[in-house]
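Worksheet for the structure shown next.
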Amino acid sequence: MPEPRVIPGFYFDVEKGKYFKISTTHSAPPSQAKYTLQNIRKEQKKAAAEKIARKEQEKRESETIVRPHTRNKWGLQMASLDREIGDRRKTYYTHRIWPSARVARMEKMKTVVEQPVHGIIRFFDRDPLTKTIYAVHGDNAIRRRRQNPPSSLPIPGHHLDQDMEAVSLPDGMPFGSSFAESLNEYSFEPWDMLARLTSSISSLTYLPSSGALAATTYGSDRAPTVYLSDPDIDGPYVNQQFTPKNCSTIWGAAAPPFSSSPDSVPQSGTESLAVAAASSLMLFERSPAGDWNSSIALNRNSDVLALDWLSPTTVVLGERSGKILLYDTRSRGSSHILTNPFPITNLKRADDPTRLVCAGVQNSLFLYDIRSRDTFSRHAQGHYNDKFFNDQYPGSENRHKRKKMKFTVAANWSQPILSFPYDNIDDHYLDVAVQPDLGLVAAAQDANSSAAIKIYNMWTGKLLREIPQPSLVKVNIRCLRFMKDCNSDPELWSSWGGSIVKMSLG
């Protein structure tokens, strides 16, 4: 029913469906006492309160997941209930011994892709089905390399000359000996050019549920862009690009979690992508026809530097100010849930939709639980103790700075569940990866650290292993991913000095 037209001096009664003249209290007859100015103001105030309550109820209903439809590992309500009743409680062996045992069996570093002649590899991702690698060469070129079939391995006395130097077997070396063992499944395939963007690429994401490839750029003299394509269908240089308005840079993008388990709730008909565009959150949705549509979901006063999906309908955002927010794609509502003491550089979902790994500058790498939102207290025995403040401002000359931080600035900081030993003073581009099945967190360290990668126990915070920096040239790892196939052990892949290397967790 349309809203009734407002007529000055008259009141529209919804029950009777007609207008009545508004009269003063002292001049109204008994039959018209309901339509006095005083009573009408009461009715209008009551109607406004009912409208607000109705909107809040609609929002609650849109955000509520009904119990029979939450039998999947992504439901926040189901996950919280299972944890409360102890249904998913891990054993001591699973929490402490199992992650250490898997890391202890980690194999030596093996090269997946050597540094190409087109430039160093900064970002990469892989199609889990076809094993095709998508990589950023140099600053702005996107290339693809397929997994070579067994028939493409060289035979004695022959070589391949497809966009690479000739490779031949040494004299007297039988095929299948140590030379064949040194090869990998990507050794003899050429790089296919897909696109060359207008500025440095800030992220590269493959969406396995639809086979789409998404890339974002920082922007410089050219505006930042969002690149979306179907590489297997469209081919090179065929894509859809978006240039957000009033956007100075794009920090990164994230795709919803993908699961092929039979008990999971099927994905909706549209593919989604969350993009951190300067101080805004942009959502890209793909229609069944294949084209993408964009919308600005949230505007903030601080840059959104990191983001990830906790569930198919919940996005977590990390700001330069240290604030951590949740955004619900169903109700289009957001809330500030946690506060990190320093600018956030990376966010990753942990082993549960209520837990997340947060990396930031000033050596801050924490595990937060969104259900435990306790802030700093000078009487609490949490992470922020006297040792923490002494490390931030050492020496007796900084006593006043320590006192000011402790009693004023730190009042809004959220207490982490765990803290990890992390070396990153001011690098905003170091990557973090999480393997929830094994309870592992891998984090790239800055160039001043003796370790290039540190691997932690996600459930205890213990440092399990350090991958040392190379002796010649220090590396800054901008891409770090756990890869897992159906019939193989998980592997830790990283961009290493311009190439891609892997370490298998046996």
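So if I check each of 493, 459, which one is touching a Lys or Arg at 6+ places or on another chain (Cβ under 8 Å), in a strand (DSSP E or B) and of a type outside the set (D, E, K, R)? Give the steps one after another, and end with the answer.
On the way: 459 fails: in a strand (DSSP E or B).
When all the criteria are applied, what remains is 493.
Can you tell me how many residues within segment 205-251 are acidic (Asp, Glu) and exposed (fewer than 15 other Cβ atoms within 10 Å of the Cβ)?
As a first pass, look at segment 205-251 and keep what is acidic (Asp, Glu): 221, 230, 232, 234.
Subsequent filtering for residues that are exposed (fewer than 15 other Cβ atoms within 10 Å of the Cβ) retains 221, 232.
Looking only at that region, the number is 2.
Among the residues of segment 411-433, which ones are over 18 Å from residue 484 (Cα atoms), aliphatic (A, V, I, L, M) and surrounded by 20 or more Cβ atoms within 10 Å (Cβ to Cβ)?
Result: 418, 430.
In segment 101-145, what count of residues is obtained for those that are buried (at least 17 other Cβ atoms within 10 Å of the Cβ), at pLDDT below 90 and either small (Gly, Ala, Ser) or under 30 Å from residue 239 (Cα atoms) (or both)?
1
What number goes with the only condition from (1) surrounded by fewer than 20 Cβ atoms within 10 Å (Cβ to Cβ); (2) more than 22 Å from residue 372 (Cβ to Cβ) that residue 436 does not pass?
Residue 436 satisfies all of (1) surrounded by fewer than 20 Cβ atoms within 10 Å (Cβ to Cβ); (2) more than 22 Å from residue 372 (Cβ to Cβ) except (2).
The values are calculated or read from the model by the stated rules, or taken from the named source; none is laboratory data. Given the structure is predicted, the values throughout are model-derived calculations rather than measurements. Cβ coordinates were reconstructed from backbone atoms using ideal geometry, including for glycine residues, and neighbour counts include every protein chain displayed.
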